[in-house]
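Reading through the structure tokens given below for one structure.
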Amino acid sequence: MMYGILFIVIGLACLLLIQNIQKQRQNQQQYIQEDPSPLTAHQIRLIQESWQRVVPIKDQAAKLFYARLFELDPSVKKLFRGKLDYQGDKLMATLNVVVNSLDNLGGVEAMLQAMGKRHIIYSVEAAHFETVGAALLWVLEQGLGDYFTEEVKEAWVIAYGLIADTMKQAAYDS
């Protein structure tokens, strides 16, 4: 009789353990399936396709970017030391990495956070990120022409917001 009760208790314990494991797996599946990025797959595709149109003219785009940035806020020019060609190369390379990582922004989050922290050293203020975003969108509009539709623009606005927010949080919230 005692062994019978023991087997029933062990059986119930195993059943509860199996149910608990199944619930944990379901929770993990839900977590894995959720996309923390507010970008849709379609928006990611739009950004990546439009970026491929910019890559061949990236040197011109970088020059236009800095000209527009300094036009929008002449005070930021003093933040740049050295040759702008080198800075433009770094900007385009970074954008290329981020654009190609939009499917997995977590993979470049640490890089963006480190960049955000470094920008404090250069005296970059949180408000400068808005000016940078405006300059970037203007350059994309100039470079993409008719391909820069409202839909493409919206996707880029969201993507830049994610990039800027990640950098600003690392720089100013720590």
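Any read-out appearing in this document is the output of simple, stated calculations on the displayed coordinates, not a laboratory observation. As the structure is a computational prediction, the values presented were derived from the model and not from experiment. Glycine gets a Cβ as well: all are built from the backbone with ideal geometry, and neighbour counts include every protein chain shown.
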>> Taking the condition of being surrounded by 13 or more Cβ atoms within 10 Å (Cβ to Cβ) and more than 17 Å from GLY161 (Cα to Cα), how many residues in the stretch 118-127 meet it?
In response: 2
>> Any residue at all in the stretch 83-92 that's of a type in the set (Gly, Ala, Ser) and within 16 Å of HIS128 (Cβ to Cβ)?
In response: no
> How about the stretch 130-174: which of its residues are farther than 20 Å from ASP103 by Cβ and of a type in the set (Ser, Thr, Tyr)?
Replying inline: THR131, TYR147, THR149, TYR172, SER174
